[in-house]
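The values are calculated or read from the model by the stated rules, or taken from the named source; none is laboratory data. None of the values given here were measured: they were computed from a predicted structure. As a convention, Cβ positions derive from the backbone with ideal geometry for all residues, glycine included, and neighbour counts pool all protein chains shown. Note: areas computed on protein heavy atoms with side chains; ligands, DNA, RNA excluded. Shrake-Rupley method; radii C 1.70, N 1.55, O 1.52, S 1.80 Å.
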Amino acid sequence: MWNILYNKSIMQKKYFITTYGCQLNVHESEKLAGIMQELNYVMADKLEDANVIIFNTCAIRGGAEERAIGNISALKKFKQQNKNKIIAVCGCMTQQKSIADDMYKKFPFIDIIFGTNNIHLLKDFLERKNNQKRILEYSEDFNLDGEKCPIHRTSENNAWVNIMQGCNNFCSYCIVPYVRGRERSRPKDEILEEIKQIIKENKYEKITLLGQNVNSYGKDTLETNFAQLLQEICNLKDDFKLTFMTSNPKDLSSDIIEVIAKNDKILKEIHLPVQSGSNAILRKMNRKYTTEKYLSIINEIKIKIPNVRLTTDIIVGFPSETEEDFQMTCELIKAVQFDGVFAFMYSKRPGTPAAEMPEQIDLKTKKTRVNQVLKIAKEIKQAKKMKDNK
Ligand code: SF4
């Protein structure tokens, strides 16, 4: 009896997924897991125990790429130990043809390389792998096919729901529009159906709507818009909490703020990346709003949603950022009194306009500035805590 169970556990095919980057990638890994589960694989506890190892990569900053490359190189020994192991790499890094080709040449032990557009073809890739040495599948066909994948949800209490893919904003430092394509909104009914399924499972307290720029949901289809979608989800009878990410200030309209304010289901938390407090830098970033516009939106939010929790993203060390520009960023953070600040040093992304800009800032200055932003954010948090404890 025991050796039957023992043999069964040995024979059980296993997969392991390593995910880099944002919540969208975390959710895409849930889809990759969904496909593997449908192929009767189970998740391995450790990478080395897996028959299929998948790396879902991120290209948003150089650091994420370097880490992935370092860990991918380390996979060579597992392939040498067992040539039947299958190693696959996908995501935003390999959605860039030059990087995919380069990786194919440099790492002959990688069996399958694909991007962000064709994750739904993982089953085909694995089948083809049986009679094909290696697979390099690059696609520029930005679609919504990935939304049809089975989902193996891995988060305890939160269910991720994609509402759209891609971004039309082309902020000058950002690689996303090049690796995720133009904005494509999922049909509203499909989203509502997925949410009804999640509610039926009754496992998740919170549902998080995902998109690179959720506020412009529906602009490509003109079927609906983000405020209407939020309201329709809130009209569902069941008990759950709703939140969303990520917003772009240029598209956060009053009707969205009002829907958040009047619906208890929607968590009173808004992540609104400002990136810089200097209009000169915002222009060079192609962010399409001014600090005055941003502050007026913040003001409207604080009036209509008094207990709102506000967080933001800040990039320091953008090309040509002067000490004066940087001080404007610090002043804006103090003026808004954010509850949380995610601060990043500008990272040159090949293929983006900012990478070609003059007056690139040195690493030492970037480090000084990012630490100063984190210090200010920490002081704000501590002061708020003191006030709350009074
Ligand atoms: S809004 Fe800008 S920063 Fe955000 S994903 Fe789109 S291009 Fe990138």
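Tell me, yes or no, whether segment 60-75 has at least one residue that is over 23 Å from Arg128 (Cα atoms), in contact (Cβ under 8 Å) with a residue 12 or more places away in the chain and outside any helix (DSSP H, G or I).
Yes, segment 60-75 has at least one match.
Please specify each residue of segment 151-161 satisfying the condition of being under 23 Å from Phe226 (Cα atoms) and either within 14 Å of the ligand (Cβ to nearest atom) or aliphatic (A, V, I, L, M) (or both).
Once the filter is applied, which keeps residues that are under 23 Å from Phe226 (Cα atoms) and either within 14 Å of the ligand (Cβ to nearest atom) or aliphatic (A, V, I, L, M) (or both), segment 151-161 yields Ala159, Val161.
Please find, within segment 229-245, the residue that is farthest from the ligand (Cβ to nearest atom) out of those that are without any contact (Cβ under 8 Å) to a residue 40 or more places away in the chain and surrounded by fewer than 20 Cβ atoms within 10 Å (Cβ to Cβ).
Lys237
Looking at Leu126, Leu122, Leu136, Leu192, which one is hydrophobic (A, V, I, L, M, F, W, C), open to solvent by 40 Å² or more (accessible area, probe 1.4 Å), touching a residue at least 24 places away in the same chain (Cβ under 8 Å) and farther than 30 Å from Pro319 by Cβ?
Leu136
Tell me which residues, restricted to segment 162-177, are touching a Cys at 6+ places or on another chain (Cβ under 9 Å) and either over 22 Å from Tyr289 (Cβ atoms) or more than 16 Å from the ligand (Cβ to nearest atom) (or both).
none
Report the residue count in segment 297-315 for those that are of a type in the set (Ser, Thr, Tyr) and open to solvent by 60 Å² or more (accessible area, probe 1.4 Å).
Of the residues in segment 297-315, 0 are of a type in the set (Ser, Thr, Tyr) and open to solvent by 60 Å² or more (accessible area, probe 1.4 Å).
Sort out which residues of segment 139-160 are closer than 20 Å to Met93 by Cβ, buried (at least 17 other Cβ atoms within 10 Å of the Cβ) and not hydrophobic (A, V, I, L, M, F, W, C), and write them in order of number.
Listed by number, the list holds a single entry, Gly146.
Give, as residue ranges, the helices (runs of 4 or more DSSP H) completely inside segment 152-270 that count at least 2 residues that are among the basic types (Lys, Arg).
Because the criterion is at least 2 residues that are among the basic types (Lys, Arg), the helices (runs of 4 or more DSSP H) in segment 152-270 that meet it are 188-201.
Within segment 182-225, how many residues are within 16 Å of the ligand (Cβ to nearest atom) and over 18 Å from Leu24 (Cα atoms)?
Of the residues in that region, 2 qualify.
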